1. What nm distance separates the two modelled labels at B:Ser40 and B:Leu167, each placed 7 Å from Cα along Cα→Cβ?
2. How far is helix B:143-153 tilted, in degrees, relative to the longest principal axis of the Cα atoms in chain B, given as a value from 0 to 90 rounded to the nearest 10?
3. All other residues with a Cβ under 9 Å from the Cβ of A:Glu163 taken together, and with Lys, Arg as +1 and Asp, Glu as -1, what is their net charge?
4. Calculate how many DSSP beta bridges within the protein assembly as shown are antiparallel, expressed in % of all such bridges and rounded to the nearest 5.
5. Name the long-range amide H neighbours of A:Gln33: under 5 Å, sequence gap of 5 or more, or other chain; modelled H, no Pro or chain starts.
6. Pull up the DSSP beta bridges for chain B and report the antiparallel fraction as a percent, rounded to 5.
7. Return the sequence-ordered ³J(HN,Hα) values of the stretch B:4-11 in whole Hz as given by the Karplus equation 6.51 cos²θ - 1.76 cosθ + 1.60 applied to θ = phi - 60°, using x for Gly and Pro.
8. Return the long-range amide H neighbours of A:Leu88 (sequence gap of 5 or more, or a different chain), with a cut-off of under 5 Å between placed amide H atoms.
Amino acid sequence: MSQPPVIELQNVCTSFRGKAVHKDLSLRVEEGQIVGLLGGSGSGKTTLLREILGLLKPSSGSVRLFGTDLNDPDVILQRNLRRRLGMLFQHGALFSALSVFDNIAFPLRELRCLDADWIRRLVHLKLAMVGLDATHGKLMPAELSGGMVKRVALARALALEPELLLLDEPTAGLDPDRSQNFVELVGDLQRELGLTVVMVTHDLNTLAGLASHVAVLADQHIIAFGPKAEVMTVDHPFVTGFFGADRRKLL
Amino acid sequence: MSETPRLLVEPGRVVLSGSWTLAEMLPSLSRLQAGLAECSGDHWDLSAVTRLDSAAAVLLWRTWGAKWPAHLVAGELPRQVLTRVAELPREMPDSARPRLRFPEWVGMLVLKAAANLRGMIALFGQLLLDVGYLIRHPQDVPWKELTANVYKAGAQALAVTALVGFLIGVTISYLSALQLKSFGADLFIVNILGISIIRELGPVLVAVLVAGRSGSAMTAQIGVMRVTEEIDVLSTMGISRSIRVVLPKVFGLTVAMPLLVLWTSAVALLGGMLAALLQLDLSLVYFLDNLPRAVPVSNLIIGLSKGVVFGFVIAVVACHFGLHVKPNTESLSANTTSAVVTAITTVILFDAIFAVFTRQIGVPHL
């Protein structure tokens, strides 16, 4: 049985006010891969994530998730597609008017199928997974520290048990201990559920601990994509700069 | 991936197979729940389950009555997920907040109103101190912000105030003309329009428009600056937020308001004159000739001073609520609403005070 790739971008071109961000960008992510997306600042990593999410329409080219085109006009199909993915935004993007508990419960309540007890157990489970106490559930997002915001946001992204998880700078702003926990958590989830993960990160430890594949975004397209060890040997100024000789020891 | 979760009850044991995930369970959730509720055996076979996510684990755990079944056959991964659910504390705090009783609610409103009043008085005092400081240090006067605010609150509001003023003028003139015609008192249209628009309607109309337009903008702007911590940045740079942010807004609006009142009253009178011309055949020249006679100049002064006071009040109220926005969207919207409502109410209150204290002034005695 051949599965369609989880993410398939074909010849995607994007430009903002005449300035090209992506040119003929193609990427194919298969089920179960954990892809680290690398690139210099301003190289369009977040733009690429937004295109995968369907928040931004590329000027040309197609984006397919689970074999479904994001431009499909079927609203129900689109909604069901969105439920299969979870996104962790760079700055958390928690609903500031809702408490931590309600933030995580929100996508579950939107399903309109689960009863209150089930939702409460699930929310507390997610809170425990990201290392937060049940008492934190009552706090408002404004009362949280930066690292806690990130963990709550991850719990919310995981609430619907997504098959595809998109992470934008997941460990930035976490202390090393927490980011190690984070790496272990996502790794566990990946093994248990066969998650596919795409993450933008600059943190070598996260990349080393988690990613199975690496995609390098430079010169407006993916210059290298493949297993971690292969990509490191690519001869490109960005790659050699990023995995400098002494840093290579880390991985 | 597309294996539906299946439940098979065999004599003495329950066999689960397929992919037990939230997405796969959703289409047949009620059937699965009903099926699980009927299962009572102590033998559970989960070995054919391909995937088990935490939603399904919670469902199973509830079915088992929050304890492990006597005989469970399961792979390592599903067991891990179930263990995680099992480790949750049994008692979970409810997330609901306590409801307020009526007297508490009233008391809270009163306390809130008192706190707001206190805050506005404090802001007023701070402004006085700032003015004192700026008199001693004239090089610190934020001229750029001041003029920008006059332009934003004044010049950019000319079109909308003119349109509304003109229409109100036409309406009043038209309705009064109908009444006056039946009494044969056509000529008094000059008195009615002149006094009502210059003394009362012009300032109040502009105040309501400006409270909705500039007042809400001020609250939202300062509020967002609080949410994004820009206000704190100013403080860390040693720049007084009240001199740089609040003072230009308050004085900008205090300067702009009387000018807007003058402009709106003029346009409203023009509208009234045109309607009178069409309705009563009252020539524009006659109207203009008689206006100074019918409306003593003190009315204009009262109208303009109302403009000054209203502008000041609106800006102080708007800035006060802006500075008290908490960093979340709910508070931002609540405070913007409060700012506009409080500003308009306070304006009407001050208008009533004006009416009482100026009752002897500017009313022509026939």
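1. Those two pseudo-labels are separated by 7.3 nm.
2. Between helix and principal axis, roughly 90 degrees.
3. Working: positive: A:Arg84; negative: A:Glu31, A:Glu161.
Surrounding charge for A:Glu163 is -1.
4. 50 percent
5. It is A:Val197, by chain and number.
6. Working: 5 of 14 bridges.
Looking only at bridges with both residues in chain B, the antiparallel portion is about 35 percent.
7. 6, x, 10, 10, 10, 9, 9, x
8. Excluding prolines and chain starts, which carry no amide H, the hits are A:Leu166, A:Leu167, A:Asp168.
The values are calculated or read from the model by the stated rules, or taken from the named source; none is laboratory data. Everything numeric in this text was worked out from a predicted model, so none of it was measured. All Cβ positions, even for glycine, are placed from backbone atoms using ideal geometry, and neighbour counts span all protein chains on display. Ligands, DNA and RNA are excluded from the accessible area calculation, which covers all protein heavy atoms including side chains. Shrake-Rupley method; radii C 1.70, N 1.55, O 1.52, S 1.80 Å.
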